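A.B. asks: Attaching a single structure in structure tokens format; questions to follow.
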Amino acid sequence: MKIEVDGFEFDFQDATDAFVFDEKDRSSSTYHGLSHAMKAVDLIVELENDYLFVEVKDFHAPDEYYDGNCFNHLREVLKQKYRDSFLYRWAEKKMDKPIRYLCLLTLDNALVSRMNKEIRLHIPCPETPTHCTGDKAIALFKKGYGENYIQMGAGKVLEISGQ
């Protein structure tokens, strides 16, 4: 199942459903109408055994996130997007499977390490952000996430199976 969001195309081959959850088009069947009051992850993917919440952040000026205010704002946005998406899906009675939260971020090593720690404190999920910023960042994520770590890189295909 192919789907595009923010200029990126994803192919969830084992998905039973995948849709843009942060939908702006009122005529779309997945438009939830609560954007004025709730934040939403970019994509929701239903797999056989779990749901995948996907958030894509491709920053045009990633160095701005060294500023504490920008970094804290990003952390809060990621936390709110997860929380509000969870609440909305819970109200729909569509939370019958575990959730994995995949944040695709373009930040450098120091910020990745810091965001990794912050997200783990604020969001109750076994998987959190991963990205493609080099060997040092990869080592930090491998250490922090162990068997839950997913290595990414430019052009890499992430295959997520419902099994």
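The values are calculated or read from the model by the stated rules, or taken from the named source; none is laboratory data. Just so it is clear, the model here is predicted, and its values are computed rather than measured. Virtual Cβ from ideal backbone geometry, glycine too; neighbours counted across all protein chains shown.
A.B. asks: Looking at the range 19-48, which of the residues that are farther than 23 Å from Leu104 by Cα and among the aliphatic types (A, V, I, L, M) is surrounded by the most Cβ atoms within 10 Å (Cβ to Cβ)?
C.D. replies: Leu34
A.B. asks: Would you please list the contacts, defined by Cβ atoms under 9 Å and residues six or more apart or on different chains, that run from a residue in the range 31-42 that is farther than 13 Å from Val77 by Cα to a residue that is loosely packed, with under 15 Cβ neighbours inside 10 Å and not aliphatic (A, V, I, L, M)?
C.D. replies: Tyr31/Lys24; Tyr31/Asp25; His32/Glu92; Gly33/Arg26; Ser35/Lys24
A.B. asks: Among the residues of the range 68-81 satisfying the criterion of being of a type outside the set (A, V, I, L, M, F, W, C) and under 16 Å from His36 (Cα atoms), which is surrounded by the most Cβ atoms within 10 Å (Cβ to Cβ)?
C.D. replies: Lys81
A.B. asks: Taking Leu87 as the residue in question, decide whether it is out of contact with any helix residue (DSSP H, G or I) (no Cβ under 9 Å at 6 or more places or on another chain), at pLDDT below 85 and either part of a strand (DSSP E or B) or of a type in the set (A, V, I, L, M, F, W, C) (or both).
C.D. replies: Answer is no for this residue.
A.B. asks: Where residues in the range 94-134 are modelled with pLDDT under 70 and over 22 Å from Tyr51 (Cβ atoms), which of them is surrounded by the most Cβ atoms within 10 Å (Cβ to Cβ)?
C.D. replies: Only one residue tops the list, namely Thr133.
A.B. asks: Every residue in the range 9-30 that is at pLDDT below 85 and touching a strand residue (DSSP E or B) at 6+ places or on another chain (Cβ under 9 Å), please.
C.D. replies: Asp22, Ser28, Ser29, Thr30
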